[in-house]
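Here is the structure we will look at, set down as structure tokens.
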Amino acid sequence: MRKLPAFLFVLAMLANGCVSQSSSGEIDESQTKAVLDHHWQTFLANDLDGVMEDYVEESILITPNGTFRGLDEIRKNFGNAFRAFPSQEARLTLNQSLAVADVGYIVWEAETPEFVLSYGTDTFIIRNGKIIRQTFGGVRIAK
């Protein structure tokens, strides 16, 4: 099997929308940061409608508990998350937040009445001001 030259691979990725760019051809890193900040603040507040503003129907969220596709499944996931991290009873701490091109990355921890999340991390791919892909992983310890 013959390999494609690297520049053809990059062109194919661009044609398929795998690289996010603004209308000027540049990735808007400030937009990535703004979405990341909005997402964290609305998550802290258990604001389901606010969190969902960050997603589109084509969004996919991958967690240890499953893969959630589309707005309905992602909404159900966050409804469960808000029950696990009640805003009045949970203490969440953001330890690191990075926005690089169209990738957002956070490291956080939490303590709730039921468990401690000693390490949580999310990675986001953000395009046109929306989270199109997200992964979550964490270490949960029962109290």
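Any read-out appearing in this document is the output of simple, stated calculations on the displayed coordinates, not a laboratory observation. Since this is a predicted model, take the numbers as computed values, not measurements. A quick note on method: Cβ atoms are made from the backbone with ideal geometry, for glycine too, and the neighbour counts reach across all protein chains shown.
The distance between label points at Gln88 and Val116 comes to 2.6 nm (points 7 Å beyond Cα on the Cα→Cβ vector).
If R0 is 35 Å, the Cβ-Cβ spacing of Asn128 and Leu48 corresponds to a FRET efficiency of close to 0.95. The simple spin-label model puts a point 7 Å past each Cα toward its Cβ; for Arg69 and Val139 those points are separated by 3.3 nm.
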